[in-house]
Amino acid sequence: MNKDQLKLFLEKIKNDEISIDEGIETIKNLEYDDLGYAKIDNHREIRNGYPEVIYCEGKTNEHIRGIIKQMLCTGKNILATRATKRVYEAIKDLDDNIEYYELPGLIVIKKEELKKTNGTVLVVTGGTSDIKVAEEAAITLEVFGNNVERLYDVGVAGIHRLLSNKDKLNSANVIIAVAGMEGALASVVGGLVDKPVIAVPTSVGYGANFKGLAALLAMLNSCASGIGVVNIDNGFGAGYLASTINRQINL
């Protein structure tokens, strides 16, 4: 239940379309469902604006299956991250609307059409090797009702590829810059635009990249203003934050 649905629900109680006893039974299940191995936060969309997302890594297939089965009862869209093909095979019979995106490891179950926000979030990558993380961000944004543009493989090794797309940079509400190696892309983008830039360091790179630590430190130490940095390979976190910013811009 989101804020609009909660408002409608309370109005129905006020207008005697729903009895107080029925309302109490509904409210009892608003906070969370306790499955023993997981507590599903039904209240999160009311508090945070988006429903709970399933992080699959470290969970058994049986636990993931149980969580999804319970969440399907809400009729809301479901997003599961870090999902392997084996996880998808274990849950694909639960609903006809299950989609699996193998490269970023995402499972999406669309149960309702969301109204798209105005404006665009642009997802930019330094190289093709960064697309896995970028797609995690882009698909997260789409599931949350954003218009998304992609601009891939435009890193500093061939900066003209980025500069020839300045119209896309300037027309976006928010930009996500995804890069490994030395992570310079975020600084370059941040120096070109007057909008929020969310930097995502990736673990792409040779030994001294230290599995993304070099890119992370470079992005944190950027001299360009207006840049925020999420954790290494955290495309989902970048997509979530960009969606929140984009929603506020469109209020």
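A few notes on this one:
- Residue list for region 44-71, restricted to those being open to solvent by 50 Å² or more (accessible area, probe 1.4 Å) and within 19 Å of residue 247 (Cβ to Cβ): 44, 47, 48
- Among the residues of region 72-87, those that are of a type in the set (Ser, Thr, Tyr) and open to solvent by 30 Å² or more (accessible area, probe 1.4 Å) comprise 74, 84.
- Residue tally, condition within 12 Å of residue 122 (Cα to Cα) and surrounded by 23 or more Cβ atoms within 10 Å (Cβ to Cβ), over region 162-198: 9
- Single residue of region 1-33 satisfying the filter (acidic (Asp, Glu) and modelled with pLDDT of 80 or more) that is least open to solvent (accessible area, probe 1.4 Å): 11
- Criterion violated by residue 45 - all others in (1) under 17 Å from the mean Cα position of the chain (by Cα); (2) in a loop (DSSP other than H, G, I, E, B); (3) at pLDDT below 90 satisfied: (2)
- Out of 207, 191, 155, 228, sole residue that is of a type outside the set (A, V, I, L, M, F, W, C), in contact with a Cys (Cβ under 9 Å, 6 or more places away or on another chain) and either within 27 Å of residue 45 (Cα to Cα) or without any contact (Cβ under 8 Å) to a residue 40 or more places away in the chain (or both): 191
- Among the residues of region 93-110, the one identified as under 15 Å from residue 67 (Cβ atoms) and charged (D, E, K, R) is 95.
- Test: residue 221 is closer than 18 Å to residue 135 by Cα, at pLDDT 95 or above and surrounded by fewer than 17 Cβ atoms within 10 Å (Cβ to Cβ): no
The values are calculated or read from the model by the stated rules, or taken from the named source; none is laboratory data. On a predicted model such as this, the values are computed, not experimentally measured, just so you know. In this analysis, Cβ positions are derived from the backbone assuming ideal geometry, glycine residues included, and neighbour counts consider all displayed protein chains. With ligands, DNA and RNA removed, areas are computed over all heavy atoms of the protein, side chains included. Shrake-Rupley method; radii C 1.70, N 1.55, O 1.52, S 1.80 Å.
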